[in-house]
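Before any comments, here is the structure.
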Amino acid sequence: MKSGYLYVLEHPSDSNLVKIGHTTRNPKEALAQHNSDYTKLTGQIVKETGRKWRLKECVSVPDPAYAKAVFWETTSLHAFRGKEDVSRMQQDEVRMCLDVAKKAGTRPPP
């Protein structure tokens, strides 16, 4: 397992429109990809609005995939989240879920 980051992107058209992601790369590289890959939902939103996503928050975590799973399990929207982890969420809920995910540690063994 490789440590990395859990990040929150925010779209300037709506501060509650967020993309939750994880990466083992530099989060700015992931941001650039989301803003330029028009085959994905994040890129389609950029193309339609003419406005790019911005990096709202990024936290270092020991198990990025697990941290993202914990984030979504914590939110009230976990059953409704889209395939690409783009959703409308209130900022206080994003903050609460991010705090829980930061403390999650690593995935427990099976």
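The values are calculated or read from the model by the stated rules, or taken from the named source; none is laboratory data. Fair warning: this is a prediction, and the values are worked out from it, not measured in the lab. Positions of Cβ are generated from backbone atoms using ideal geometry, with glycine treated the same way; all protein chains shown enter the neighbour counts. Just the protein is used for accessible areas: all its heavy atoms, side chains included, with ligands, DNA and RNA removed. Shrake-Rupley method; radii C 1.70, N 1.55, O 1.52, S 1.80 Å.
In the set (1) open to solvent by 60 Å² or more (accessible area, probe 1.4 Å); (2) modelled with pLDDT of 90 or more, the condition left unmet by K83 is number (2). Of all residues in the stretch 4-39, those that are open to solvent by 70 Å² or more (accessible area, probe 1.4 Å) and out of contact with any helix residue (DSSP H, G or I) (no Cβ under 7 Å at 6 or more places or on another chain) total 6.
Mind checking which residues of the stretch 40-60 are charged (D, E, K, R) and open to solvent by 70 Å² or more (accessible area, probe 1.4 Å)?
K40, K47, E48, R51, K52, R54, K56
Among the criteria (1) in contact (Cβ under 8 Å) with a residue 40 or more places away in the chain; (2) over 17 Å from P12 (Cα atoms), the one D99 does not fulfil is (1). One residue stands out in the stretch 9-51 among those that are without any contact (Cβ under 8 Å) to a residue 60 or more places away in the chain and among the small types (G, A, S): the one that is farthest from P64 (Cα to Cα), namely G50.
So which residues in the stretch 4-23 are over 10 Å from the mean Cα position of the chain (by Cα) and under 18 Å from K103 (Cα atoms), if there are any at all? Quick ask: steps written out before the conclusion?
Going residue by residue through the stretch 4-23, those that are over 10 Å from the mean Cα position of the chain (by Cα) are 4, 11-17.
G4 - this is the single residue of the stretch 4-23 that is over 10 Å from the mean Cα position of the chain (by Cα) and under 18 Å from K103 (Cα atoms).
Residues are listed down the side, and each one gets a yes or a no for (1) within 24 Å of K2 (Cα to Cα); (2) touching a strand residue (DSSP E or B) at 6+ places or on another chain (Cβ under 6 Å); (3) hydrophobic (A, V, I, L, M, F, W, C):
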residue: N16; (1), (2), (3): no, yes, no
residue: T39; (1), (2), (3): no, no, no
residue: V61; (1), (2), (3): yes, yes, yes
residue: V100; (1), (2), (3): yes, no, yes
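Do any strands (runs of 3 or more DSSP E) lying entirely in the chain carry at least 2 residues that are hydroxyl-bearing (S, T, Y), and which ones are they?
Where strands (runs of 3 or more DSSP E) fall fully within the chain and carry at least 2 residues being hydroxyl-bearing (S, T, Y), they are 4-11, 14-23.
When the residues of the stretch 25-74 are filtered to those that are among the hydroxyl-bearing types (S, T, Y) and touching a Lys or Arg at 6+ places or on another chain (Cβ under 6 Å), the one that is nearest to P12 (Cα to Cα) is T42.
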